[in-house]
Each structure stands twice: as C-alpha cells, then as structure tokens.
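To start, the structure itself, in structure tokens.
Laboratory data are not the source of any read-out in this text; all were calculated from the coordinates shown. Predicted model only: the values in this text are computed from it and were never measured. Here the Cβ positions follow ideal geometry from the backbone for every residue, glycine too, while neighbour counts run over all protein chains shown.
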Amino acid sequence: MSNKFDAAAKDAEGKLESAYGELTGDPGHQIKGKAKQVQASAMNVAGNLKDGAASAARGVRDTAGKVADDLS
C-alpha cells in the first residue's frame with residue numbers, strides 16, 4: 001500500500017511542478033514535472049506487479065494445500 005501512496009504523492013508533485021513551469025514559462029520545470037509523473041506511473045506498475053505476484057503466490061499455496069489435503 002505504501003507504494004501506491006508514494007506513487008500518488010510523486011504524481012501530485014509532478015503535476016504541481018509541471019503547472020508551475022507552464023505558469024512561469026519555464027520549460028525546465030515543465031519537463032521535470034512530466035518526468036515525475038512518468039516515474040509515478042512506473043511506481044504504480046511496479047506496485048501492481050508486486051500485488052499480482054503476491055496474489056499468484058497465495059493461489060499456488062492454497063492450491064498446493066488443497067492437493068496435499070486430498071492426497072492425505
């Protein structure tokens with residue numbers, strides 16, 4: 001859950017910096033803001049992959065337990 005919070009915070013930070021760059025006409029801040037938004041998206045993908053792997057591992061464990069019970 002922490003990854004998703006961190007990603008949301010990074011996305012908000014990026015949006016603010018990008019908006020600041022647009023308001024001030026500073027392309028450096030615009031680019032940095034967009035880069036932070038891309039980083040936040042990558043963090044979300046990584047978090048989703050981690051969640052998916054954990055879910056798959058639980059499914060395998062549960063299935064293995066059921067098979068072991070059936071064999072007993």
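log10 I(q)/I(0), Debye, Cα-only the chain, no solvent, q = 0.24, 0.25, 0.27 Å⁻¹?
The calculated log intensity ratios at q = 0.24, 0.25, 0.27 Å⁻¹ are -0.92, -0.95, -1.02.
Helix-derived [θ] at 222 nm for the chain: sum -39500 (n - 2.57) over DSSP H runs of at least 4, divide by residue count, nearest 500?
-34500 deg cm²/dmol
Normalised by the residues of segment 2-71, what does the relative contact order come to in percent, with Cα pairs under 8 Å and at least six apart?
Averaging sequence separation for qualifying contacts and normalising by length gives 32 percent for segment 2-71.
Report the calculated FRET efficiency for residue 31 and residue 9 (r = Cβ-Cβ distance, R0 = 22 Å), to the nearest 0.05.
That gives a FRET efficiency of 0.65.
Relative to the first principal axis of the alpha-carbon coordinates of the chain, what is the inclination of helix 27-71, with its axis defined by its Cα atoms, in degrees from 0 to 90 and to the nearest 10?
Compared with the principal axis, the helix lies near 0 degrees.
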